[in-house]
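Asks: Here it is: the structure, laid out below.
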Amino acid sequence: MHRLVETPQAIIAVEEHGPAEGLPMILLHGFPYSARGYDAVLPLLAGRRVLVPHLRGYGETRLKPGVLRSGAQAALGADLLALMDALAIPQALLAGYDWGGRAACIIAALHPARCAGLVTCTGYNIQDIARSGEPALPDREMRHWYQWYLHGERGALGLARHREEFARLLWAMWSPDWRFSEAEFAASALHWHNADYVETVVHSYRHRYALVAGDAAHAGMEAALAAQPDITVPSIDIHGGSDGVNPAPSEPSARFTGRFERRVLPRVGHNPPQEAPEAFAAALLALG
């Protein structure tokens, strides 16, 4: 079932699967991907209640007039919390990658009672904006070229004019072993023609480096995230072994203070649910 859910800032499109009862699983996509990234995961979760929202700026989700087209981390977390409130969901298993993984980590950290378990890709996804000016090693900086590109107006115009070409390049760079089909790419590309897409994406990659202000409505959440809160809920980190933007670390994840497991998937890149749906579903089922 497909429904539109009203929250204080948005009308959020949600794809619902399975029974109306039971502990929900909320699956959150990233940039530049879409809800279609979970299509192969859903049959593996048959019999479970599963919700797949379209994030702000994507698909059929629409931000209300006058709302800042913010892609800041607190905006993503606030949307997820507001969606759960609107649907009267007291607790859910949360899972996501990239932007979606960030939203899931935020709720797990700040509202652990609302999160029965967490599947996150690339670990602790909460941004440390206060330290965003600290340079990484050059080989790591090179992987983030698209972020620096979007800091300027040339990049914003480039994304607006060439959103499919932009995404295709990132898909290939971030998942070098994934041979996605043209049909898979086209299905996600439909979600990038949302009227809020370009503005939200550009704001995201500027806000995380403290180049623009966030939405004042989320100031409290952003302040809480600045403390880099621990995640105490049971968590599984799925990390692609060939992730071209966030290579798997060798050190433990200090911010996960509850039950934690990292699963590194060989020949999988930045989009595990679409590249390795069986492994992604297995992690969810292991938590609930």
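What follows draws every value from the coordinates through simple rules; no lab data is involved. Quick caveat: nothing in here was measured; it's all calculated off a predicted structure. Don't worry about glycine lacking a Cβ; one is built from the backbone with ideal geometry, like all the others, and counts go over all protein chains shown.
Asks: Of the residues Ala88, Ala82, only one is part of a loop (DSSP other than H, G, I, E, B) and of a type in the set (Gly, Ala, Ser); which? Let's see the steps before the verdict.
Replies: On the way: Ala82 fails: part of a loop (DSSP other than H, G, I, E, B).
None of the others qualify; the one that does is Ala88.
Asks: For the structure I just gave you, tell me whether Gly37 is buried (at least 19 other Cβ atoms within 10 Å of the Cβ), small (Gly, Ala, Ser), in contact (Cβ under 8 Å) with a residue 40 or more places away in the chain and in a loop (DSSP other than H, G, I, E, B). Talk me through it step by step, then tell me what you get.
Replies: Details: buried (at least 19 other Cβ atoms within 10 Å of the Cβ): yes; small (Gly, Ala, Ser): yes; in contact (Cβ under 8 Å) with a residue 40 or more places away in the chain: yes; in a loop (DSSP other than H, G, I, E, B): no.
Spelling it out, it is not the case that Gly37 is buried (at least 19 other Cβ atoms within 10 Å of the Cβ), small (Gly, Ala, Ser), in contact (Cβ under 8 Å) with a residue 40 or more places away in the chain and in a loop (DSSP other than H, G, I, E, B).
Asks: Now for a separate question. Six or more apart or on different chains, Cβ under 6 Å: which pairs go from a residue in region 8-30 that's without any contact (Cβ under 8 Å) to a residue 60 or more places away in the chain to one that's among the aliphatic types (A, V, I, L, M) and in a loop (DSSP other than H, G, I, E, B)? Could you list them?
Replies: What qualifies is Glu16/Met1.
Asks: Could you please tell me which pairs satisfy a Cβ distance under 9 Å, a separation of 6+ or placement on different chains, a first residue in region 126-143 that is closer than 19 Å to Gln228 by Cα and free of Cβ contacts under 8 Å to residues at least 12 places away in the same chain, and a second residue that is among the polar types (S, T, N, Q) and assigned to a loop (DSSP other than H, G, I, E, B)?
Replies: Here the result reads none, with nothing in region 126-143 linked to a residue that is among the polar types (S, T, N, Q) and assigned to a loop (DSSP other than H, G, I, E, B).
Asks: Would you point out which residue out of Ser235, Ser188, Ser250 is among the polar types (S, T, N, Q) and free of Cβ contacts under 8 Å to residues at least 12 places away in the same chain? Walk me through it before giving the result.
Replies: On the way: Ser235 fails: free of Cβ contacts under 8 Å to residues at least 12 places away in the same chain; Ser188 fails: free of Cβ contacts under 8 Å to residues at least 12 places away in the same chain.
So the residue among Ser235, Ser188, Ser250 that is among the polar types (S, T, N, Q) and free of Cβ contacts under 8 Å to residues at least 12 places away in the same chain is Ser250.
To keep it simple, each residue is scored yes or no on (1) surrounded by fewer than 15 Cβ atoms within 10 Å (Cβ to Cβ); (2) over 17 Å from the mean Cα position of the chain (by Cα).
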site	(1), (2)
Arg131	yes, yes
Pro138	yes, yes
Arg161	yes, yes
Phe166	no, yes
Ala172	yes, yes
Tyr205	no, no
